[in-house]
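Values quoted throughout were computed directly from the atomic coordinates according to the rules given, and no laboratory measurement underlies them. Predicted model, so just to flag it, every value in this text is computed and none were measured. Here the Cβ positions follow ideal geometry from the backbone for every residue, glycine too, while neighbour counts run over all protein chains shown.
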Amino acid sequence: MRTPFEPLSFADDPRVATLRRLIWLYFWLLIFEGALRKWLPSLSEPLLIVRDPVALLIYVQAVRCRKFPLNAPMLAYFFLLISFLLISLFQIVLGIGGGPFVAAYGLRTNFLHLPLIFVIPEAFSFEEVLKLGRWILILSIPMAALMVLQYSSPAGSWINAGTSADADQLAFAMGKIRAAGTFSYVTGAAHFFVLATAFAVYAVVERYSGYSRWLLWPALLSILIVQPVSGSRTLVLGCGLVLAGALIFAIFSPAHAPKIVSALLFCLAGFVLLSTTGFFREAKDVFMMRWNEANTAWGGTERGLAGRFLEIFLEPFGLLSQAGPIGKGVGLGTNAGAALVTGSPVFLLAENEWARVVLEAGPLAGFSYLAYRVWLAVLVGVRAAWGARQGQLLPWLLAWSACLSLLTEQVSQPTDLGFMALVSGLCLAAVSDPLRVAHRTKERRTETVVHSYAFD
């Protein structure tokens, strides 16, 4: 039986083609479900879980065409799933938590979408990943235009609607909102543009990416424009991590260094040029006001960023006495679970992911689930590092977002959960085995020779 990272043969099997189409449907729903939830508020609650049946169909189709992996990560996944199911039943019998529906939503949140991480590389070739990346870059252009319009519009305007009739988007400074694009909240836009940054940097560096320069330059401009307009530190830091990853790749791959440095200098030059415009300068000033206010609240820049990050991992250890041996109820810490109990989507237990999981399921099950996500992050990171040693840039760039999401993502937010599974799966699918890399390189060299003879 093949390992999760063993090379694949992507034959034109119609059953596999159907599996790929279902994954594409999952992607398109991830991009546009937020727009439907915001601008058709009567459908907001049903659309909250609209990707769930698609995920189930993906698993069924993967089983049918023997593309559902049964490897060590998946066996551990099923063991954890059964453990959480038993804990949920025990909590319900003892009257702990929010009841069966809240527990079911909690199980869905923690487990339903995780297998996508290993199913996507079973169905997607490297070329399919590039195809999805092309659509990401195409969508980044109108997405940036929409976010500029949202930033320029009043908080109460229809274009800045929230996912319920009486909700608006989050404000960040001077009456401006955190532009969310087509997503329900700005975190979705942050994940989208971090993903776009990875594909854009790859396209600049790799000559044979297949992306037109007429697409690439407007996409890069869009990525630069949304940095201050979004009002999201997550977006800015995430894009910065991708650029830092590219720089690290350049250090260990001197052959790629000139193009990577040129790409970074181009981004810097574009940012400087945009800063000469009044609109961009104003957006940058408003963003820096938000940045400074947030840092001040956390005790300064260094302490703020480091403290906020470390708190994610350290907070649950200070809450062990509150969690009790079996937790306070699976699903109770999610916004949807809280809404089922109280009528309001609030954080009943904790805002940070690690604290939520431990408080919901107790120390033993909670830390076991978190250890599993750390393990997945290590698997993805190690595989991307292996690809980087073979000169494969794209999985290395995708891994920075994938690994961070696996470690810290608040999966109770459906869009964040979707991007965590999608990007991690794309990262694994982008790692090509040596035989396919050599074959592609030989084809490209042949094309180059034929082309040069044609013009002699």
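Worth a mention:
- Shape of the range 25-182, Cα gyration tensor, a/c cut at 1.5: oblate
- The string of couplings for the range 40-51 from the Karplus curve (6.51, -1.76, 1.60, θ = phi - 60°) is 10, x, 5, 9, 4, 5, x, 6, 4, 10, 5, 7 Hz, one whole number per residue in order, with x for Gly and Pro.
- Computed magnitude of the charge dipole of the chain (debye, nearest 20; Cβ of K, R +1, Cβ of D, E -1): 740
- Positive-end residue of L379, S152, V204, charge dipole of the chain with Cβ unit charges: V204
- Bridgeable lysines around K38 (alpha carbons under 30 Å apart, same-chain partners fewer than 8 residues away excluded): K131, K176, K284.
- Sum of side-chain charges, T334 neighbourhood, beta-carbon under 15 Å (Lys, Arg +1; Asp, Glu -1): -4
- In the chain, Cα pairs under 8 Å separated by at least six residues give a relative contact order of 20 percent.
- Signed unit charges on C-beta, dipole axis of the chain, positive-most listed residue S405, G245, Q390: Q390
- Exposure rule at most 14 other beta-carbon atoms within 10 Å, DSSP loop chymotrypsin sites (Phe, Trp or Tyr not before Pro): the chain longest free segment: 209-454
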